[in-house]
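Worksheet: one structure, shown below.
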Amino acid sequence: MLRRVVRQSKFRHVFGQAVRNDQCYDDIRVSRVTWDSSFCAVNPRFVAIIIDASGGGAFLVLPLQKTGRIDKVYPTVCGHTGPVLDIDWCPHNDLVIASGSEDCTVMVWQIPENGLETPMSVPVVVLEGHSKRVGIVSWHPTARNVLLSAGCDNQIIIWNVGTGQAMIHLEDMHPDVIFSVSWSRNGSLLCTACKDKKVRVIDPRKKKIVTEKDKAHEGARPMRAIFLADGNIFTTGFSRMSERQLALWKSDNMDEPICVQEMDTSNGVLLPFYDPDTNVVYLCGKGDSSIRYFEITDEAPFVHYLSTFSTKEPQRGMGYMPKRGLDVNKCEIARFYKLHERKCEPIIMTVPRKSDLFQDDLYPDTAGPDPALEAEEWFVGKNGGPILVSLKDGYVSTKSRDLKVVKTNVLESKPAPKAETIPTVQKHTNLLLLLWYLGQCSQPQQEKC
């Protein structure tokens, strides 16, 4: 019986490529805060980067096209009195961004259409409710103006940004620092990873823990946990021997993992970035110089290693572009914004295809910018999946495929056959010879005369 050696996958040949130097964002003082967040947030219009700032916290907001060297006096968003720890763009409004800070506040900002021209220090709304620094901010994926924040006071608060009110407090569920929070696909559940080594699935509106797993990863280093599109949970963490691990779990029964894989012995926290349309997970380790990517399927071993993109420089943080901001003409399936010490470098992940037609299998309908619910609807118990949009509208053909019929008489443009041209030439030659001969014959007669 023949054994299939190579698993068939359309993402097996995905390759990463860093852009040219003139397309990077240079001379940026990336934050040195010792907090394991990504320090960067991206949407189809702007890239936001947390930076070092004296006398408070600040972050840059740059239009995507503003590449090259960034002036030191370029305006920043600078309303926090302590270092900014996390930022997140609103999925339903590309001009709105939330930030969490060491000053215990969450602020929501509205960026001007063309970017900042002067420093912005006054937010649209300040959300106060945490007693310690706020390390995580995350917008609800389908409900408008619903924002989650998690602080080092071990509590999660869910806000109605439209009214500025704290609607839900989850206070007694986590005895220690919360490392990560992830919304489910429709935003009905939360998945959290905590310093007590537990992964919890929480129904926030019922204020109830649905299920939890103790020692999902036995190591003491920080874990991460994210929801997948099918409701399963993907985690990264460390083993008892400090090896980095990834694992896959069923959210309704976390007694045993679906699979666990050992990776390496590096000590950088693995930040997972997930594409629900293709079921590909990208793992970026803080301090690493590589991005590993895996495809999640229903076949064993369930998490399939695809490839690794490596560079020489270690990454301080990473931004991940939403699917609707990608260039579908180039078969781009992911774009990262890698933070160096003083630079932000875009990295493009591409599936090589010979045809330049729109690739339907690479770009199924994806979550669009329209919310499925209003905040008030979600708080009273309604759920709604993301409203999907086709990326084909963003496709522009690189070749003109119109059949051009040129209505000219083909026969008129044909050269005359050689058989016809030869006699014509001979006729002219014979005539010239005859004239020359007559001229020669007439000369002696004239001399005689």
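Highest mobility in the GNM of the chain, judged by mean-square fluctuation with C-alpha springs under 10 Å and restricted to Thr235, Thr142, Thr265, is found for Thr265.
Net charge of the neighbourhood of Ala225, taken over other residues with C-beta under 12 Å away and scored Lys/Arg +1, Asp/Glu -1, is +4. Average accessible surface for the stretch 254-364: 40 Å² per residue, computed with a 1.4 Å probe over protein heavy atoms with every protein chain in place. What the phi angles of the stretch 141-154 give under the Karplus curve with 6.51, -1.76 and 1.60, with θ = phi - 60°, is a coupling list of x, 10, 9, 5, 6, 9, 10, 9, 9, 10, x, 6, 8, 6 Hz, glycine and proline written as x. Backbone phi angles across the stretch 372-385, fed through the Karplus curve with coefficients 6.51, -1.76 and 1.60 (θ = phi - 60°), yield HN-Hα couplings of 7, 9, 8, 4, 4, 5, 5, 5, 8, x, 6, 10, x, x Hz in residue order; Gly and Pro are listed as x.
Largest accessible area first, the listed residues Asp203, Asp298 line up as Asp298, Asp203 when surface is computed with a 1.4 Å probe on the assembled protein chains. Calculated mean residue ellipticity, 222 nm, the chain: -2500 deg cm²/dmol, from DSSP H runs (n ≥ 4) at -39500 (n - 2.57) each, averaged per residue and rounded to 500. Remark: the stretch 81-226 projects, on average over all directions, an area of 8.9 nm² (convex hull of Cα atoms).
Return, ordered by residue number, the residues of the stretch 212-234 whose backbone nitrogen is under 19 Å from a label point located 7 Å along Cα→Cβ of Glu256. Label zone hits: 212-218, 232-234. Shape index of the stretch 41-147: Rg/Rh, with Rg the Cα radius of gyration and Rh the Kirkwood radius from the inverse mean 1/r over Cα pairs, equals 0.94.
Packing around the peptides 354-367, 73-86, taken as the average count of other Cβ atoms within 10 Å per residue, puts them in this order, highest first: 73-86, 354-367. Within the accessible surface of the chain, defined with a 1.4 Å probe on protein heavy atoms only, the carbon and sulfur portion equals 51 percent.
As a rough guide to protection, the peptides 213-226, 104-117 ranked by mean Cβ packing within 10 Å, highest first, stand as 213-226, 104-117. In a shell of Cβ-Cβ distance under 15 Å around Glu117, excluding Glu117 itself, what net charge do Lys and Arg (+1) and Asp and Glu (-1) give? Around Glu117, the surrounding residues sum to -1. Between Asp52 and Ser131, how many nm apart are label points set 7 Å from Cα along the C-beta direction? That separation, rounded to one decimal, is 3.4 nm. Across the stretch 268-352 the C-alpha pair distances fall into 5 Å bins from zero in the proportions 3, 14, 25, 25, 19, 11, 3, 1, 0 percent. Past the 22 Å Cα-Cα mark, which pairs from Lys215/Lys323; Lys330/Lys392; Lys206/Lys382? Checking Cα-Cα distances, Lys215/Lys323 exceed 22 Å.
Label sites at Val177 and Ala220, each approximated as a point 7 angstrom past Cα along Cα to Cβ, lie 1.3 nm apart. Which of (i) 4, 18, 28, 23, 9, 3, 3, 3, 3, 3, 2, 2, 1, 0; (ii) 4, 18, 26, 22, 14, 8, 5, 2, 1, 1, 0; (iii) 4, 21, 29, 25, 14, 5, 2, 0 is the computed P(r) over Cα pairs in 10 Å bins from 0, in percent for the structure on display? Label (i) holds the value from this structure. Between the helical axis of 418-448 and the longest alpha-carbon principal axis of the chain there is an angle of about 40 degrees.
The values are calculated or read from the model by the stated rules, or taken from the named source; none is laboratory data. These numbers come from a predicted model, not from an experiment. Positions of Cβ are backbone-derived with ideal geometry, glycine not excepted, and every protein chain shown enters the neighbour counts. Heavy atoms of the whole protein, side chains included, go into the accessibility calculation; ligands, DNA and RNA do not. Shrake-Rupley method; radii C 1.70, N 1.55, O 1.52, S 1.80 Å.
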